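Report on one structure; see the data block that follows.
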Amino acid sequence: MPSLLMSFLELIAGILLLFSGGEFFIQGSVALALILGIPQLVIGLTVVSLGTSAPELFVSVNSSLTGSDSLALSNIVGSNIFNVMVVLGGSALLRPLRVESRLVRRDIPLLLGVSFAVWGMASSRLITWQFGVALLVALIINTTWEIRTAREEPQRTQEAEPEINIEKDSTSLLNAAIKLVGGIFLLTLGSRLLVEGASTIALLLGVSDAIIGLTIVSLGTSLPELITSLVAAIRGQTDLAIGNVIGSCLLNQLLVLGSCSVFSGGSGLDVEPLLITKDIPIMVITTLACMPIFWTQGKISRGEGGVLLGLYLLYLADKIIPLILPNIHSVFQGVVFLTITLSTIIIMYKTISYWLRLRKVPNK
């Protein structure tokens, strides 16, 4: 039991270090970019987004380098599920989120396409380094496209991007470098503590690394996205709250998974059957469910946010109940299946209703 307690302390310390390291990394990167004369538009679309995804990047890459492929991939999948259901749902509960048409027209379909590609590659039970290179190339193309299209609509981009205080962040080159290096150090140390603690907890509890990665680790590494979107929702910056979620989900797959696959070398990333048959499909379905939610009335309502949070609680319960109440797991799976079926029917109904209303508009 003391070993289990120490592992939990390692895990908590790792999460705290990741959070602090991510903050220092963003501050140092933004300050350095401003000193070098990089436009704020580029900083907002690249550096700030990278900063909120830095915990997932360091944890997953460190996991793949230490041979814990399941933890690396499950952290990515679990973070994306958490981002859509909890971060988006929680933000919508605070304030209904007005949806920018560009998200529906471009970003959600792109995220959905990437998610299907990852699912297809993972189905072979091996994600190769060649696929990782393809993901990184797609990241470069997408980032270039983001910057070019954002420049065409500077007013909308300015409203949707985080505010960057030049006077505060434009410090000396030495201070910027110290913050950047310090952030990387804290992220590295935090990721190691988190991976070691999570792996030990999985071993002591007799569960797989994938279960720990899908729950505790993904929750810990997604804290920056959660706090960023909640604060944005409170301030009324709903574009930022939604864009942060979609951008983080894209970066998790293009940057984090791509980097892990490349660092895995010739052996590639092994994929657990549980992830292929259950969790990656859930990740894709949650992304797909965003489409009809975004189509309805141009916003995500508090009710829809509550539904997303409720579905995540069911998802967590499905992971925990087999460990503590194995006798009722089969009954609970029936409840989960019924809930998913009803949710699918509601989504289909809202989608069909939307398209019927859309067809009637020209006739008026």
Practice problem: Among the residues of the stretch 188-247, write down those that are crowded, with 24+ Cβ neighbours inside 10 Å and among the acidic types (Asp, Glu). | Solution: Asp209, Glu225
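Residues are listed down the side, and each one gets a yes or a no for (1) touching a helix residue (DSSP H, G or I) at 6+ places or on another chain (Cβ under 7 Å); (2) closer than 17 Å to Thr344 by Cα:
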residue	(1), (2)
Gly243	yes, no
Leu251	yes, no
Asp270	yes, no
Lys278	no, yes
Leu288	yes, yes
Val307	no, yes
Pro322	yes, no
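Could you say whether any residue in the stretch 347-360 is over 17 Å from Ile211 (Cα atoms), in contact with a helix residue (DSSP H, G or I) (Cβ under 6 Å, 6 or more places away or on another chain), at pLDDT below 75 and not hydroxyl-bearing (Ser, Thr, Tyr)?
yes
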Practice problem: Could you tell me whether any residue of the stretch 249-271 is surrounded by fewer than 24 Cβ atoms within 10 Å (Cβ to Cβ), over 13 Å from the mean Cα position of the chain (by Cα) and within 30 Å of Ile324 (Cα to Cα)? | Solution: yes
Exercise. Answer yes or no: is there a residue in the stretch 107-118 that is among the aromatic types (Phe, Trp, Tyr), in contact (Cβ under 8 Å) with a residue 24 or more places away in the chain, crowded, with 16+ Cβ neighbours inside 10 Å and not in a strand (DSSP E or B).
Key: no
Quiz item: Which one of the conditions (1) at pLDDT 85 or above; (2) out of contact with any Asp or Glu (no Cβ under 9 Å at 6 or more places or on another chain); (3) under 15 Å from Ile227 (Cβ atoms) does Ser49 fail to meet, given that it meets all the rest?
Solution: (1)
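Inspect all residues belonging to the stretch 96-107 and state whether any of them is under 19 Å from the mean Cα position of the chain (by Cα), modelled with pLDDT of 90 or more and β-branched (Val, Ile, Thr). Show your work before the answer.
Taking the stretch 96-107 as the starting set, the residues that turn out to be under 19 Å from the mean Cα position of the chain (by Cα) are 97, 99, 103-104, 106-107.
Filter once more, so that each one left must be modelled with pLDDT of 90 or more: none.
Looking for residues that are under 19 Å from the mean Cα position of the chain (by Cα), modelled with pLDDT of 90 or more and β-branched (Val, Ile, Thr), one finds none in the stretch 96-107, hence no.
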Quiz item: Are there any pairs with C-beta distances below 6 angstrom linking a residue in the stretch 343-356 that is over 22 Å from Tyr312 (Cβ atoms) to a residue that is at pLDDT 70 or above and surrounded by 15 or more Cβ atoms within 10 Å (Cβ to Cβ), with the two at least 6 apart or on different chains, and if so which?
Solution: none
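Looking at Asn142, is it out of contact with any Gly (no Cβ under 9 Å at 6 or more places or on another chain), within 21 Å of Ser29 (Cβ to Cβ) and either surrounded by 12 or more Cβ atoms within 10 Å (Cβ to Cβ) or at pLDDT 60 or above (or both)? Give the derivation first.
On the way: out of contact with any Gly (no Cβ under 9 Å at 6 or more places or on another chain): yes; within 21 Å of Ser29 (Cβ to Cβ): yes; either surrounded by 12 or more Cβ atoms within 10 Å (Cβ to Cβ) or at pLDDT 60 or above (or both): yes.
So Asn142 passes the test.
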Quiz item: Given the conditions (1) surrounded by 11 or more Cβ atoms within 10 Å (Cβ to Cβ); (2) more than 26 Å from Gly213 (Cβ to Cβ); (3) modelled with pLDDT of 80 or more, and given that Gly334 satisfies all but one, which numbered condition is not satisfied?
Solution: (1)
Self-check item: Top-ranked residue in the stretch 62-81 [being more than 25 Å from Leu112 (Cβ to Cβ) and among the aliphatic types (A, V, I, L, M); ranked as farthest from the chain's Cα centre (by Cα)]
Solution: Leu65
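The values are calculated or read from the model by the stated rules, or taken from the named source; none is laboratory data. Predicted model only: the values in this text are computed from it and were never measured. Cβ coordinates were reconstructed from backbone atoms using ideal geometry, including for glycine residues, and neighbour counts include every protein chain displayed.
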